[in-house]
Amino acid sequence: MKKSNIGIISIIAVVITVALVMISGYNGMVSKEEKVDSSLSNLDVMLQRRADLIPNLVNTVKGYTNHETKIIEEITQARSKLVNANSLEEKSNANNELTKSLNALMVVVENYPDLKSSENFRQLSDELAGTENRIAVARKDYNDSVNSFNSSIKKFPNNILAGIYGFEKATYFKADEAAGEVPSVNF
């Protein structure tokens, strides 16, 4: 073989190798970005399920309590904020506000033994607890997807491709800063 043919074949091999690395990197980032979007959608579904349970829970509590209107209004407002939230930050803040309101409601419920023993209330409480667990799993899955995607777009050579194709860092779903505090229970 002639030296010029070997040179041309070598150049073609390098170009093909670079093209394959670029295609693989781009496709990997697209897949990870889709996983982030899918995980966020799953989290949204769980947050919506929670928001859908709230009116039934509130109505059940209303039936047993006449003067606990403040906490019911707080829950209603927090639910409304969650349902109408658009950005991830708004959803996170509204979720944290709703959690605080629901925790306050559960403290109030302790004062109403008839309410606690109500089959409807127990069923709704169980569904809400199950939904809370699903939300926790969905948040973890979302944050794991964000971590994988963000790591991918920061690594070489994907960081170059990410800049070229406009891939941007995804945002984590953060817990409320007060979530680490131990609640005080007074009897």
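The values are calculated or read from the model by the stated rules, or taken from the named source; none is laboratory data. Note that this is a predicted model, so its numbers are computed, not measured. Reconstructed Cβ throughout: ideal geometry from the backbone, glycine too, with neighbour counts over all protein chains shown. For accessibility, only protein heavy atoms count, side chains too; no ligands or nucleic acids. Shrake-Rupley method; radii C 1.70, N 1.55, O 1.52, S 1.80 Å.
A few points about this structure:
- For region 107-139, residues that are open to solvent by less than 30 Å² (accessible area, probe 1.4 Å), touching a residue at least 60 places away in the same chain (Cβ under 8 Å) and not polar (S, T, N, Q) total 5.
- Residue match in region 75-93 (condition: surrounded by fewer than 17 Cβ atoms within 10 Å (Cβ to Cβ) and closer than 20 Å to L115 by Cα): yes
- Some residue of region 61-70 being in contact (Cβ under 8 Å) with a residue 12 or more places away in the chain, more than 23 Å from A175 (Cβ to Cβ), open to solvent by 80 Å² or more (accessible area, probe 1.4 Å) and hydroxyl-bearing (S, T, Y): yes
- Every listed requirement among (1) farther than 30 Å from K35 by Cβ; (2) open to solvent by less than 40 Å² (accessible area, probe 1.4 Å) is met by Y142 save one, (1).
- Condition broken by N56, with the remaining ones in (1) under 30 Å from D114 (Cβ atoms); (2) touching a residue at least 40 places away in the same chain (Cβ under 8 Å); (3) crowded, with 16+ Cβ neighbours inside 10 Å satisfied: (3)
- All positions within region 145-175 that are hydrophobic (A, V, I, L, M, F, W, C), open to solvent by 50 Å² or more (accessible area, probe 1.4 Å) and either under 24 Å from N95 (Cα atoms) or in a helix (DSSP H, G or I) (or both): I160, I164, A175
- Each residue in region 4-27 was checked for being open to solvent by less than 90 Å² (accessible area, probe 1.4 Å), within 20 Å of G166 (Cα to Cα), of a type in the set (A, V, I, L, M, F, W, C) and free of Cβ contacts under 8 Å to residues at least 12 places away in the same chain, and 2 pass.
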